[in-house]
Amino acid sequence: MKERYRKKALLLSFATVGYNLVEGVVAVLVGIATNSSALLGFGLDSFIESLSGSVMIWRFGKNRSEEDEERVEQKAQKLVAYTFFILGAYVLFDASKQLITHQEPEKSLFGIVVAVLSLLIMPALTLAKYRTGKQLKSKSLIADSKQTLACVIMSVTLLLGVGLNYIFGLWWADPIAGITIALLLFHEGKEALEGKGED
């Protein structure tokens with residue numbers, strides 16, 4: 001029974017990494033092309049989610065001693081936390097500059113599509129990882145599921161920012177969404193550093 005859930009955890013982790021890599025590349029490229037801080041921040045966060053998923057692939061890839069798993073997982077957790085802070089600072093700077101200098105981003109229908117797709121896929125992935133983590137009594141997989149949940153919240157923020165700009169021409173909604181995403185990145189980094197998000 002445990003082996004079945006371990007394989008499921010591995011499959012879910014591969015799905016997380018694969019989806020987030022594609023989402024990240026698309027969001028960053030479109031964000032740069034349309035001068036959208038919200039899309040850029042969202043795309044950079046997708047790469048962080050991929051890193052977190054990669055740690056889970058390492059963890060569930062084969063059976064290891066608990067001591068070895070714990071040691072490497074703590075190092076990886078700190079690395080992920082610091083990356084959140086670095087990316088958060090970059091997105092905050094970029095979005096603030098855009099807001100202060102009135103750099104209007106282009107309207108992006110593709111940005112709306114990326115956000116909607118994420119809102120369709122990520123909640124199901126979050127729930128599946130959380131339930132599997134509970135079955136395995138795996139604190140790290142439960143924590144990873146909560147990172148995926150944070151991605152859902154960022155998708156809502158992205159949709160609001162890009163959507164308001166696209167539909168109503170409220171250009172400032174995009175950098176405001178970018179600043180919100182940066183603050184969420186800082187929050188995620190703080191929780192990762194403190195080892196929160198675990199059951």
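The values are calculated or read from the model by the stated rules, or taken from the named source; none is laboratory data. Only a predicted model underlies this, so the values are computations on that prediction, with no experimental measurement involved. Glycine gets a Cβ as well: all are built from the backbone with ideal geometry, and neighbour counts include every protein chain shown. All accessible areas refer to the heavy atoms of the entire protein, side chains included, with ligands and DNA or RNA removed. Shrake-Rupley method; radii C 1.70, N 1.55, O 1.52, S 1.80 Å.
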Using the 2.2 N^0.38 Å rule of thumb for compact globular proteins, work out how the stretch 1-107 stacks up: its C-alpha Rg over that value, please. 1.34
Given a 1.4 angstrom probe, I'd like the percentage of the accessible area of the chain that is carbon and sulfur, rounded to a whole number. 67
Suppose the chain between residue 22 and residue 93 were pulled fully straight at 0.36 nm per residue; how much longer would it get relative to their current alpha carbon spacing? 23.1 nm
Over the stretch 24-179, how many pairs of lysines fall under 26 Å by alpha carbon, counting only those 8 or more apart in sequence or from different chains? 23
Under the Karplus relation with 6.51, -1.76 and 1.60 and θ = phi - 60°, whole-Hz ³J(HN,Hα) for the stretch 159-176, x at Gly and Pro, equal 4, 5, x, 6, x, 5, 5, 5, 7, 10, x, 7, 4, 5, 5, 5, x, 5
Calculated P(r) tail over 20 Å for the stretch 88-199, as whole % of Cα pairs: 48
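Solvent-accessible area per residue for the stretch 51-199 at a 1.4 Å probe radius, Å²?
52
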So what's the gap between the Cα centers of the stretch 140-161 and the stretch 16-90, to the nearest angstrom? 12
Search the structure for amide H atoms under 5 Å from the amide H of residue 108, placed 1.01 Å from N in the peptide plane, and list their residues when 5 or more places away or on another chain. 166
For residue 172 and residue 104 in one chain, what is 0.36 nm times their gap in residues minus the Cα-Cα distance, to one decimal in nm? 23.7 nm
All other residues with a Cβ under 12 Å from the Cβ of residue 174 taken together, and with Lys, Arg as +1 and Asp, Glu as -1, what is their net charge? -2
With an 8 Å cut-off on Cα pairs and a minimum separation of 6 or more residues, tell me the relative contact order of the stretch 37-176 in percent. 35
Mind listing the phi-derived Karplus ³J(HN,Hα) values for the stretch 86-91, rounded to whole Hz, using 6.51, -1.76 and 1.60 with θ = phi - 60°, and x for any glycine or proline? 5, 5, x, 5, 5, 5
Take the chain, drop everything but the C-alpha atoms, weight them equally and run the Debye formula without solvent; then report log10 I(q)/I(0) at 0.12, 0.16, 0.19 Å⁻¹ to two decimals. -0.57, -0.92, -1.21
Could you work out the Rg to Rh ratio of the stretch 16-60, with Rh taken as the Kirkwood radius (inverse of the mean 1/r over all Cα pairs)? 1.09
